[in-house]
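Throughout, read-outs are computed from the coordinates displayed, never taken from laboratory work. Being a predicted model, the structure only gives us computed values, none of them experimental. Note that each Cβ is placed from the backbone with ideal geometry, even for glycine, and that neighbours are counted across all protein chains shown.
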Amino acid sequence: MTDLGAMYIGAGLAAIGIGLAALGVGNVFGSFLEGALRNPGAADGQQGRLFIGFAASELLGLIAFVVAILILFVVK
Amino acid sequence: MAAGKIDPMEQFMVEPVLGRRIEIGGFDLSFTNSALFMIVVFVLLALFVSGGLKRQLIPGRWQVAVEGAVSFIDNMVLTSIGPEGKKFAPYLFSLFFFILFANLVGVMPIAILPGLHTFAVTSHITVTAVLAFLSFGIVLAVGFWRHGFHFFSLFVPHGAPGWLMPVIIPVEFVSFMVRPFSLGLRLFVAMTAGHILLEVFGSFVVQGLQAASPLGSFVSLLSFIMIIGVSALELLVCAIQAYVFALLTSLYLNDAVHLH
């Protein structure tokens, strides 16, 4: 296996994390919706917390993306 | 293949607008496209806000829009910091709307006019990191101003047993110090990723048409439909990232004001 091939495989492996973060983000919004449908009156007050949870779980996917980009463009 | 290849990173190139570099004392002080688009964002923002400052008793549409924007930020500050946070509302307003306008200007499709293309200011970590460190600096300044060295009690959660302290204090310290990096990185990566995605699908459209075969045209059409969807998603991401940046800044300010 050439170094270039190994680099592309590594970048692809790093990109798996983005899919896992997608599960996390989906879980955040899904759980919010589940709770909001049970008690719609309390839903509006929790929107800030919804976005904090979204931001926290999204960040990990973005870091996986950064790792993939670093492998592709920076590592020589 | 090499002729039709489109580099998705080319759009992030910072280059002098007028084509020549200005060097003063060994520093490159050229007027770049990044600076140009920051000025564009500033002018748009100034126009937007100044249109709503007429203070009519019966507000027009524009004034309602600006008042809605102001009360949106006011509500965010009130729910996350409380009444003491009122003095941070102007900073958070500027932060939110600068990022929102910069994101939106970055995805505007003015590249269909030949020779023009937008530049997403927030897709550079230099810009977002400066914003994040500004927020973090304000948090530190407010925290030390209000509480002095008592501010360090931020690292000691209430009700944690004493024997846990050697573990919990370093963890809290690291999670506090990582905040500006995560704040800046999130915005930068979200915008960069979106722009790369749009560019990659755009290059699929071009290469599909260049292939001049039925399959190529089909791929091109599918990619074009995908671009429409991704663009809509990008508009959402622009707003969400600006909101998240302002929201997290206000939460960190809440920590500095109230110490848990």
Problem - Ranked by how many other beta carbons lie within 10 Å on average, peptides B:181-193, B:48-60, A:18-30, B:230-242 from highest - result: B:181-193, B:230-242, A:18-30, B:48-60
Problem - Sites B:Leu222 and B:Ile6 - FRET efficiency at Förster radius 22 Å, r taken between beta-carbons, to 0.05 - result: 0.80
Practice task
Please sort B:133-139, B:102-108 by packing, taking for each peptide the average over its residues of neighbouring beta carbons within 10 angstrom, highest first.
Solution key: B:102-108, B:133-139
Practice task
Quick one: dipole size for segment B:1-131, taken about the Cα centre, charges +1 on Lys/Arg Cβ and -1 on Asp/Glu Cβ, in debye to the nearest 20.
Solution key: 400 debye
Problem - For the protein assembly as shown, size of Cβ-based charge dipole, Lys and Arg +1, Asp and Glu -1, in debye - result: 520 debye
Practice task
Work out how far the C-alpha atoms of segment B:10-258 reach from end to end along every principal axis, then list the three figures in whole Å, largest first.
Solution key: 72, 55, 47
Handout entry: Top positive-direction residue, dipole computed over segment B:10-258 with Cβ charges, set B:Thr192, B:Leu78, B:Val142
Key = B:Leu78
Problem - J(HN,Hα) series, segment B:190-203, from Karplus relation 6.51 cos²θ - 1.76 cosθ + 1.60, nearest Hz, glycine and proline x - result: 4, 6, 4, 4, x, 5, 5, 4, 4, 5, 5, 5, x, 5
Problem - Selection from B:Leu259, A:Leu62, B:Leu164 lying farthest towards where the dipole of the protein assembly as shown points positive, charges on Cβ - result: B:Leu259
Completion exercise
In debye to the nearest 20, the charge dipole size for segment B:81-225, taken about the Cα centre with +1 at each Lys and Arg Cβ and -1 at each Asp and Glu Cβ, equals 300 debye
Fill in the blank from the handout: Taking segment B:1-150, the whole-percent share of alpha-carbon pairs separated by over 18 angstrom is 71 percent
Fill in the blank from the handout: For chain B, longest principal axis from Cα atoms; helix B:61-80 axis from its Cα atoms; angle between them, nearest 10 degrees, is 50 degrees
Exercise for the section: Please report, in whole Å, how far the alpha carbons of the protein assembly as shown spread along each principal axis, starting with the longest. Expected result: 67, 60, 60
Exercise for the section: Rounded to the nearest 0.05, what FRET efficiency do B:Leu29 and B:Met108 give with R0 = 22 Å and r taken as the Cβ-Cβ distance? Could you check? Expected result: 0.20
Fill in the blank from the handout: With no solvent term and unit scatterers on the alpha-carbon positions of chain A, Debye gives log₁₀ I(q)/I(0) at q = 0.11, 0.22, 0.25 Å⁻¹ of -0.41, -0.89, -1.02
